[in-house]
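For reference, the structure discussed in these notes is given below.
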């Protein structure tokens, strides 16, 4: 995994048990801080791949730390999991609106927390947010306006199908596992099966018709890969990012 995780938590017992369990995960290194100010400084200096953030902290509060991280260009995309005793709906809404990727209340189950951390790390590997469009003069997809055409024929993709295509196009040439696609399109809290991905891929293939194999490759036992039909040297054909 080779991931750095920063824990910002003033309770030493919780900090230590989190560090112990996370370091049992293969390829994970852990940084810790007991205050908001130090946590923010560590986040800026060490650039962790994920931050576990308490809200009630000495010095800067967790909400202030989160706000500062989201306002900084180099940390605004870093996944943040809020881990706190503040359990009201208003607190959760505030945390998520500030930019937290997840919100877990204390007491918490370690297995669930670890599962959510793995899901958040998988999601950050998926490049799709900056993809705006794909156009190779045969297939064109406008991801912002949910519009697609193939050889001049309009394609009626659903929201989930467009979202799935956006993940594949944004990671052109890379094999995307079913788990990564499921996390990115349906979210960590979706409890369906990975065959959901297969069902949506079949629907997309059907709509693409005989051109389907030119664009979507099935990697048996793993997942799917998008094949760009971009013509080398033709500047009018592009994937906008």
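Below, the figures for the structure above:
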quantity	calculated
Hits in segment 155-185 (condition: in contact with a strand residue (DSSP E or B) (Cβ under 7 Å, 6 or more places away or on another chain), at pLDDT below 95 and over 17 Å from residue 225 (Cα atoms))	157
The listed residue being outside any helix (DSSP H, G or I) and assigned by TED's automatic domain parsing to the domain that holds residue 118, out of 40, 18, 57	57
Test result for residue 202, assigned to a strand (DSSP E or B) and either exposed (fewer than 15 other Cβ atoms within 10 Å of the Cβ) or modelled with pLDDT of 80 or more (or both)	no
Flag for residue 60 being surrounded by 15 or more Cβ atoms within 10 Å (Cβ to Cβ), over 19 Å from the mean Cα position of the chain (by Cα) and in contact (Cβ under 8 Å) with a residue 24 or more places away in the chain	yes
Matching residues, segment 76-86, being over 16 Å from residue 123 (Cα atoms) and either outside any loop (DSSP other than H, G, I, E, B) or modelled with pLDDT under 90 (or both)	82, 83, 84
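The values are calculated or read from the model by the stated rules, or taken from the named source; none is laboratory data. Because the structure is predicted, anything quoted here is derived from the model rather than measured. Positions of Cβ are generated from backbone atoms using ideal geometry, with glycine treated the same way; all protein chains shown enter the neighbour counts.
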